[in-house]
1. Under 9 Å between Cβ atoms, at least 6 apart or on separate chains: pull out the pairs that start in segment 485-497 with a residue that is more than 16 Å from Cys475 (Cβ to Cβ) and end on any residue that is among the β-branched types (Val, Ile, Thr) and open to solvent by 40 Å² or more (accessible area, probe 1.4 Å).
2. Output the residues belonging to segment 359-369 that are of a type outside the set (Val, Ile, Thr) and open to solvent by less than 30 Å² (accessible area, probe 1.4 Å).
3. Between Leu638, Leu578, which is at pLDDT 75 or above and in contact with a strand residue (DSSP E or B) (Cβ under 8 Å, 6 or more places away or on another chain)?
4. Could you look through segment 318-358, keep only residues that are at pLDDT below 80 and under 27 Å from the mean Cα position of the chain (by Cα), and pick out the one that is least open to solvent (accessible area, probe 1.4 Å)?
5. What about Trp529, is it of a type outside the set (D, E, K, R), open to solvent by less than 40 Å² (accessible area, probe 1.4 Å), touching a Leu at 6+ places or on another chain (Cβ under 7 Å) and more than 29 Å from Ser449 (Cα to Cα)?
6. Cβ-Cβ distance below 8 Å, separation of 6 or more or different chains: which pairs start in segment 223-240 with a residue that is within 15 Å of Thr208 (Cβ to Cβ) and at pLDDT below 80 and end on one that is of a type outside the set (A, V, I, L, M, F, W, C) and open to solvent by less than 40 Å² (accessible area, probe 1.4 Å)?
7. Being open to solvent by less than 20 Å² (accessible area, probe 1.4 Å) and under 13 Å from Glu237 (Cβ atoms) is the filter here; which residues of segment 270-286 pass it?
Amino acid sequence: AQRGGKMASTAAGKQRIPKVAKVKNKAPAEVQITAEQLLREAKERELELLPPPPQQKITDVEELNDYKLRKRKTFEDNIRKNRTVISNWIKYAQWEESLKEIQRARSIYERALDVDYRNVTLWLKYAEMEMKNRQVNHARNIWDRAITTLPRVNQFWYKYTYMEEMLGNVAGSRQVFERWMEWQPEEQAWHSYINFELRYKEVDRARTIYERYILFTLLVIVHPDVKNWIKYARFEEKHSYFAHARKVYERAVEFFGEEHMDEHLYVAFAKFEENQKEFERVRVIYKYALDRIPKQEAQNLFKNYTIFEKKFGDRRGIEDIIVSKRRFQYEEEVKANPHNYDAWFDYLRLVESDTDAETVREVYERAIANVPPIQEKRHWKRYIYLWINYALYEELEAKASKRTRQVYQACIELIPHKKFTFAKIWLLYAQFEIRQKNLPLARRALGTSIGKCPKNKLFKGYIELELQLREFDRCRKLYEKFLEFAPENCTSWIKFAELETILGDIDRARAIYELAIGQPRLDMPEVLWKSYIDFEIEQEEYEKTRNLYRRLLQRTQHVKVWISFAQFELSAGREESLSRCRQIYEEANKAMRNCEEKEERVMLLESWRNFEEEFGTDTTKERIDKLMPEKIKKRRKLQAEDGSDAGWEEYYDYIFPEDTANQPNLKLLAMAKLWKKQQQESEAAEVDPDKDIDESQS
């Protein structure tokens, strides 16, 4: 019973599953190995070169037979493992072939063909082995079996015919080609057969093959391609059968008809006739094709026709071809997008250069009929130049002044002046009327433009016209209208005042300047004030100039105004000019003490110092040197747009000695410099006693 219990316990122990060691630390390892790293290491180890096997020297027949037996057993094992891997069969057969065991190699190839007879490489290797060992009949047998089994593999046919031709068996090679043609092969096979016949000067046979091939394309329509007909015709031309070649081209044109016309056929036909010096035939062919082939498909035809006319035609013919080609291109572009105004410009430029006025007018009318659909000025900017070019053409080329006036008036009526206008059109119309010596119409046009849609450019153009006519009263009225329309335009005020100055009416000019500076809003007030001051200086009214500077300083305390004022006083050329200039600098310095822009104050002091260096005394130079600020580097805190801290920024600040608020800072800086100097002196004193002790000991 005890034995039975022990046996049961041992049986139960055998059935137990062994315990797997549990991982105590489940945390990730410090160094992680990725799949990419594993693959890279595996690839690197593949590149490690294994040591080559030891060379085996065979000394007798028994060892050779033993070596053969082992190798054959290895090959047979590989084949038995996977019969479908054809490379194993080929390696086995090639090894037997290297031992001159042709019968064994042949047996291996036959066994392989039983496994996979559709493998092209297997047939090729088998036949090449037989040819290499001069087994011609065996090779023929293999090629026959191959082309019978796989007749659509062109490589077998090429190899078979080539072998027969190399053996000098021309009849046998022709017979193989004939068998091949029965299978209706691709185009290259027919050309190979033709080239084979041509190598042996069999032109009639080659022509017969071409005829069969063309008949084949007509009936079966496997290769309804133009190039086959062209090759046939060139073959006839090459062998000087020109009548046959022309007949081939004519048959091709008849075969393809007007539904399937191809420009390459007509180009080749025309070049053939050109080589035969039949230039009229060439011209007829090109014109026939161009009339029937769609223009977008006849680019090459156009090109060759142009080259032909350049060689053998006259100048007029060449120009007609080029113009008609380009005109067609532009017609296609404007049909695709009538609002493509750039295409219209190019088209009109072409038409203007070569055709009559009526045709040009027709194209212009078609172009200006494409009005932009949106009434926004940016869409009209290119369109309006069509009208301008039309009017200029009628005036300069056609010499039709009435039509030119009608074009301008139609354009002005078309533009929506309430939304936008084009000053260029109004001015060009006025200039045209002046050239026609019709001044009232020109003034009426410009007056209408100012009344309907006033613009700065219109006012300037009208004023310039009246100035040229020396109508100064009209200019004054126009300036008044202009300034009523745009009182903030400083340039207009200045030009008006300059006009009055030229006319010698100084009081009117001064009054205009006074009105100008009294305007509540100006686009360039600094330019206006400068012009007014320069005007008074030219009139040598120095007191009025000083008053102007004082009035300007009441409006702005800009540093450039103070410097300009000081330089004016210096240039006044009187005895008290230096004292006046110095006084201005004093006033400016006092006025700019509370200025936040310290750089402007520094600019003023530097200008003052330059003045004193040139005209001042030692006392005044010393005084201005004391006024110069000290440049110090500071830091300030930066904040980002969201209010967070963006770090610190360094900047330069100026401390002026005159500012009482900055006196503690200056005093602190002076004390810091003194302390630094004392520290340096004490360090130098500590070093010197040591040197004295060393000298006494020595």
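The values are calculated or read from the model by the stated rules, or taken from the named source; none is laboratory data. Please read these numbers as outputs of a predicted model, since none were measured by experiment. So basically every Cβ, Gly included, is an ideal-geometry build from the backbone, and we count neighbours across all protein chains shown. To get the accessible areas, we keep the full protein, side chains included, count just its heavy atoms, and leave off ligands, DNA and RNA. Shrake-Rupley method; radii C 1.70, N 1.55, O 1.52, S 1.80 Å.
1. Cys490/Val527
2. If the condition is that a residue be of a type outside the set (Val, Ile, Thr) and open to solvent by less than 30 Å² (accessible area, probe 1.4 Å), then Tyr364, Ala367 are the ones that fit.
3. Of the residues listed, the single one that is at pLDDT 75 or above and in contact with a strand residue (DSSP E or B) (Cβ under 8 Å, 6 or more places away or on another chain) is Leu638.
4. Step by step, filter segment 318-358, then rank; the result is Tyr330.
5. yes
6. The qualifying pairs are Tyr232/Tyr210; Tyr232/Tyr213; Phe235/Arg207; Phe235/Tyr210; Glu236/Arg207.
7. Phe272, Glu273
Every residue, every condition in (1) assigned to a helix (DSSP H, G or I); (2) modelled with pLDDT under 75; (3) farther than 29 Å from Thr545 by Cα, yes or no:
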| position | (1), (2), (3) |
| --- | --- |
| Glu596 | no, yes, no |
| Glu599 | yes, yes, no |
| Leu604 | yes, yes, no |
| Asn610 | yes, no, no |
| Asp625 | yes, yes, yes |
| Tyr651 | no, yes, yes |
| Ser682 | yes, no, yes |
